[in-house]
1. Of the residues in the range 62-108, how many are assigned to a loop (DSSP other than H, G, I, E, B) and either among the polar types (S, T, N, Q) or surrounded by 11 or more Cβ atoms within 10 Å (Cβ to Cβ) (or both)?
2. Just to be sure, is residue 41 charged (D, E, K, R) and surrounded by fewer than 17 Cβ atoms within 10 Å (Cβ to Cβ)?
3. Could you please tell me which pairs satisfy a Cβ distance under 6 Å, a separation of 6+ or placement on different chains, a first residue in the range 79-101 that is touching a residue at least 24 places away in the same chain (Cβ under 8 Å) and of a type outside the set (A, V, I, L, M), and a second residue that is surrounded by 11 or more Cβ atoms within 10 Å (Cβ to Cβ) and part of a strand (DSSP E or B)?
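Every read-out reported here was derived from the displayed coordinates using simple, explicitly stated rules and does not represent laboratory data. Bear in mind that the values here come from a model prediction, so they are computed numbers and not experimental data. Positions of Cβ are generated from backbone atoms using ideal geometry, with glycine treated the same way; all protein chains shown enter the neighbour counts.
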Amino acid sequence: MVAGVGNIYACEALHRSGISPRRLALNVWGSRAERLAEAVKTVLTEAIAAGGSSLRDHRQVSGELGYFQHTFRVYDRAGEGCPTPECGGTVKRLVQSGRSTFYCPRCQR
């Protein structure tokens, strides 16, 4: 089980695992669930190593900014090309429960 991943990290993990944010959670099982679990671990590990994501007011306990936002693949990149090699898609934004979600409709199914 995973709880409280956060919007930014959820977008990034879903993209890395190739899962659409429109997909119902009950349809994420088997190899999809395994890919997602691994992507969540990877994204969170990378974000922690980078000191988090400083978009507005987040700072590390030392007062320094985090730098993970410089490696976002889809978050806040609506209209840009998908970073997946040979995808050719464009990152889209949709609003779910009042939160922005970013994804590539071409490579996330």
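1. Let us first name the residues in the range 62-108 that are assigned to a loop (DSSP other than H, G, I, E, B), namely 62-67, 72-80, 82-89, 91, 97-98, 104-108.
Those still in the list that are either among the polar types (S, T, N, Q) or surrounded by 11 or more Cβ atoms within 10 Å (Cβ to Cβ) (or both) too: 62, 64-67, 72-78, 80, 82-84, 87-89, 91, 97, 104-108.
So the count comes out to 26.
2. Here the answer is yes, as residue 41 does meet what is asked.
3. If the second residue must be surrounded by 11 or more Cβ atoms within 10 Å (Cβ to Cβ) and part of a strand (DSSP E or B), the pairs left are 100/93; 101/94.
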